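Read through the structure below, which is laid out as structure tokens, and then see the notes.
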Amino acid sequence: MSAALVTVGPDTTVAEAATVMGTHHVGSALVMQGDALRGIFTERDVMRAVGSDFDAAHHPVREFMTPDPATAEPSSGLRAALDTMLEGGFRHLPVVYGGRVVGVVSMRDLTASMERG
């Protein structure tokens with residue numbers, strides 16, 4: 001799990017969010033409004049946005065994000081997190097503890113951890 005959260009606001013433009021994600025070398029950004037998780041914006045969303053509108057780069061991420069994404073708790077376990085991701089068809093899962101986002105786990109994180117045993 002990565003505890004270094006990469007976040008954007010719902011009104012952040014697609015271009016700004018893509019730049020933030022590129023700068024941090026991550027495939028997703030959590031869409032936060034204050035301390036509340038509103039959605040997740042991923043590389044796939046960037047591609048969907050750009051492919052749907054010639055001016056998409058200037059649109060807010062709230063138009064293309066996944067709202068109210070599935071989450072895991074730190075105690076969920078690797079297998080449960082992986083199953084959630086496989087069933088949902090996504091590669092990034094916010095981790096929530098006590099109602100607050102504490103990290104993000106990626107498919108890469110999970111498979112690496114499972115390979116180590």
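The values are calculated or read from the model by the stated rules, or taken from the named source; none is laboratory data. Just so you know, these numbers come straight off a predicted model, no measurement behind them. Positions of Cβ are generated from backbone atoms using ideal geometry, with glycine treated the same way; all protein chains shown enter the neighbour counts. Side chains included, ligands, DNA and RNA excluded: accessible areas come from the protein's heavy atoms. Shrake-Rupley method; radii C 1.70, N 1.55, O 1.52, S 1.80 Å.
Computed values, structure above
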{"quantity": "Selected residue (only one of 82, 30 is surrounded by 14 or more Cβ atoms within 10 Å (Cβ to Cβ) and over 13 Å from the mean Cα position of the chain (by Cα))", "calculated": "82"}
{"quantity": "Selected residue (only one of 74, 67 is open to solvent by 60 Å² or more (accessible area, probe 1.4 Å), of a type outside the set (S, T, N, Q) and free of Cβ contacts under 8 Å to residues at least 40 places away in the same chain)", "calculated": "67"}
{"quantity": "Selection within segment 101-117 - assigned to a helix (DSSP H, G or I) and surrounded by fewer than 16 Cβ atoms within 10 Å (Cβ to Cβ)", "calculated": "108, 111, 112, 113, 114, 115, 116"}
{"quantity": "Verdict on residue 43 being more than 16 Å from residue 101 (Cβ to Cβ) and either open to solvent by 50 Å² or more (accessible area, probe 1.4 Å) or among the hydroxyl-bearing types (Ser, Thr, Tyr) (or both)", "calculated": "yes"}
{"quantity": "Selection within segment 85-100 - under 27 Å from residue 50 (Cβ atoms) and either surrounded by 16 or more Cβ atoms within 10 Å (Cβ to Cβ) or of a type in the set (S, T, N, Q) (or both)", "calculated": "85, 90, 91, 92, 93, 94"}
{"quantity": "Selection count where residues are of a type in the set (S, T, N, Q) and at positive phi, scope segment 9-65", "calculated": "0"}
{"quantity": "Residue within segment 1-15 that is free of Cβ contacts under 8 Å to residues at least 24 places away in the same chain and crowded, with 16+ Cβ neighbours inside 10 Å present", "calculated": "no"}
{"quantity": "Sole residue being closer than 20 Å to residue 3 by Cβ and either in contact with a strand residue (DSSP E or B) (Cβ under 9 Å, 6 or more places away or on another chain) or touching a residue at least 60 places away in the same chain (Cβ under 8 Å) (or both), chosen from 62, 116, 100", "calculated": "100"}
